[in-house]
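What follows is a set of notes on a single structure, which appears directly below.
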Amino acid sequence: MAIQRIQSEDCSVANLFQSFYAVPDYQREYVWDTDQVQQLLKDVREEMGDGAAHDAPEYFIGSIVVCPGQEDVLDLIDGQQRMTTLYITLCAIRDRLSELGSQPSSVLNAQIADATVDSLGEERRLYRLELQYEDSGDALTCLADGNPIETPSTQSMRNILNAHHVVTRFLSSEFGQDPAAIRRLYGYLTNKVKLIRIQTEDVAKALKIFETI
């Protein structure tokens, strides 16, 4: 009988968002409010400091637990609040750079969504993070596509919209009209903010690790 293995990997945000994730429909909704989003941004900003980017220390923000889902997508069993906030932050950085007339990098765009070709030869857009619980509606995909959330009809959708507003206000208040400063924050966030990704072979083992953590 094959031995089930647990993989534990030290990942930067850049490493994390080379994979695709789904939050299963049995998970609780996105609940972070203004204070929690602001605290994460403030902590990242303080760790980055104002010195040379290569001298800034790495910053650890916790762990996530995943297991294989469908079609090379990882089911996110624990850590969806942080992961969703990071994803929203990437979208807000892209939007703010575009607003300031600075073209976001292709790397940033690929951390939000990518494309694949299915068996019929049709191109399909894939989001790096998809929320499968009903209360999320289309809020996260709207942000990923750079579109407004027109009718946030659930609390989860309102929380997602609020998180985007919080990040946008933070970028404006901290860096004003300076796209270079925003790119520096993005560079620090994507390269030096770290998480531990714990991957199991099935959801039962992932849930057991989640309960242990």
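The values are calculated or read from the model by the stated rules, or taken from the named source; none is laboratory data. Keep in mind it's a predicted model, so treat the numbers as computed, not measured. Neighbour counts are summed over all protein chains in view; Cβ atoms, including those assigned to glycine, are modelled from backbone coordinates with ideal geometry. Calculation scope for accessible area: heavy atoms of the full protein, side chains included, ligands and nucleic acids excluded. Shrake-Rupley method; radii C 1.70, N 1.55, O 1.52, S 1.80 Å.
Things to note:
- Reachable aspartates and glutamates from residue 205, criterion Cα separation under 16 angstrom, eight or more residues apart if same chain: 75, 78
- Over the stretch 1-138, relative contact order from alpha-carbon pairs under 8 Å, at least 6 apart, %: 34
- Antiparallel bridge percentage (DSSP; both residues within the stretch 1-159; nearest 5): 60
- Estimated [θ] at 222 nm from DSSP helical runs (n ≥ 4, -39500 (n - 2.57)) normalised by residues in the chain, nearest 500: -14000 deg cm²/dmol
- Prolate/oblate/rounded label for the stretch 136-191 (Cα gyration tensor, a/c 1.5): prolate
- Cα gyration tensor shape of the stretch 110-149, rounded if a/c is under 1.5, else prolate or oblate by comparing a/b with b/c: prolate
- Dipole magnitude of the chain, debye to nearest 20 (Cβ charges: Lys/Arg +1, Asp/Glu -1, about Cα centre): 460
- q = 0.23, 0.29 Å⁻¹: log10 I(q)/I(0) that the Debye formula gives for the stretch 59-114, counting C-alpha atoms only: -0.97, -1.12
- Average accessible surface area per residue within the chain, 1.4 Å rolling probe, Å²: 52
- Where 17, 60, 175 fall by accessible area, highest first, once all protein chains stay in place (1.4 Å): 60, 175, 17
- Helix 179-192 axis, angle to the chain major axis (alpha carbon atoms, nearest 10°): 30
- Mean separation of Cα contacts under 8 Å (6+ apart) over length of the stretch 113-199, as relative contact order %: 15
- Surface listing: 54, 164 arranged by accessible area from highest to lowest gives 54, 164, probe 1.4 Å.
- Acute angle (nearest 10 degrees) that the helix 155-175 long axis makes with the longest principal axis of the chain, alpha-carbon atoms: 40
- Tensor-based shape of the stretch 70-146 (alpha-carbon gyration tensor, a/c under 1.5 rounded, otherwise prolate or oblate): oblate
- Looking at the stretch 33-91, the GluC sites (Glu not before Pro) that sit in a DSSP loop and have at most 12 other Cβ atoms within 10 Å of their own Cβ are 58, 71.
- Calculated FRET value between residue 208 and residue 15, using beta carbons and R₀ = 30 Å, to 0.05: 0.75
- With a simple spin-label model that places each label point 7 Å from the Cα along the Cα-to-Cβ direction, the separation between residue 147 and residue 113 comes to 0.8 nm.
- Computed from the C-beta positions of residue 50 and residue 134 and an R0 of 45 Å, the FRET efficiency is 0.55 to the nearest 0.05.
- Annotation: lysines with alpha-carbon distance below 18 angstrom to residue 42 (same-chain offsets under eight excluded): 192, 194.
- Counting protein heavy atoms only, the stretch 90-132 has 43 percent of its accessible area on carbon and sulfur, 1.4 angstrom probe.
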